[in-house]
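The values are calculated or read from the model by the stated rules, or taken from the named source; none is laboratory data. Worth saying up front: this structure is predicted, and the values here are computed from it rather than measured. Virtual Cβ from ideal backbone geometry, glycine too; neighbours counted across all protein chains shown.
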Amino acid sequence: MSYNVRMRTSRLAGFTLVEMIAILVVIIILAAAALDHYGTVSSAAKNAMIDNFLKDCKTVYAKMYYGDSSSNFQGTNYTSLANYVTIGGFDAASATLSGNQLTISGIPITFFKNQATSLVIDYGAQTFNGDNENTFLGEAHW
């Protein structure tokens, strides 16, 4: 084999710089698309947890307000949420009832987008921290 044939063969064996850059650009575009998709899924999951938490709070309020002797809610205006909220991380959270207002304290700082660690739900006025539900969820949802 002559010198020119070996030289051409060795040059054809690798990638050029332009080909490597094109491959990297394609990989970066695919990664950005995947991250955007999974970021949306994560936000939707967090929002679903917030909605479930508010439903759990409504159940706790009803049991405390109307009484439920089977769950030790009879005649009490304070309870720990650890046994009644289906979301983890609420071990230090508690609920206090005063009339139509349910005050929840000890919420993890990373739970709501606005980092609220307490929440006052007035079921008589249908407000959450003084705002209507849509305004509150607009600030709290991810």
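Of the residues that sit in the stretch 99-142 and are in contact (Cβ under 8 Å) with a residue 12 or more places away in the chain and in a helix (DSSP H, G or I), which one is surrounded by the fewest Cβ atoms within 10 Å (Cβ to Cβ)? Taking the candidates together, the pick is 139.
Looking across the stretch 72-85, the residues that are at pLDDT 65 or above and within 22 Å of residue 52 (Cβ to Cβ) come down to 79, 80, 81, 82, 83, 84, 85.
The sole residue among 28, 50 that is among the hydrophobic types (A, V, I, L, M, F, W, C), farther than 16 Å from residue 107 by Cα and at pLDDT 90 or above is 28. Within the stretch 45-60, residues that are under 15 Å from residue 142 (Cα atoms) have Cβ atoms under 7 Å from residues that are not aromatic (Phe, Trp, Tyr) in these pairs: 47/141; 49/87; 50/140; 50/141; 52/86; 52/87; 53/85; 53/87, counting only partners at least 6 apart in sequence or on another chain.
Here is a yes/no grid of residues against (1) part of a helix (DSSP H, G or I); (2) surrounded by fewer than 11 Cβ atoms within 10 Å (Cβ to Cβ); (3) not aromatic (Phe, Trp, Tyr):
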| position | (1), (2), (3) |
| --- | --- |
| 15 | no, yes, no |
| 22 | yes, no, yes |
| 25 | yes, yes, yes |
| 30 | yes, yes, yes |
| 34 | yes, yes, yes |
| 43 | yes, no, yes |
| 58 | yes, no, yes |
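Residues that are of a type in the set (Ser, Thr, Tyr), in a loop (DSSP other than H, G, I, E, B) and farther than 22 Å from residue 68 by Cα are absent from the stretch 83-98.
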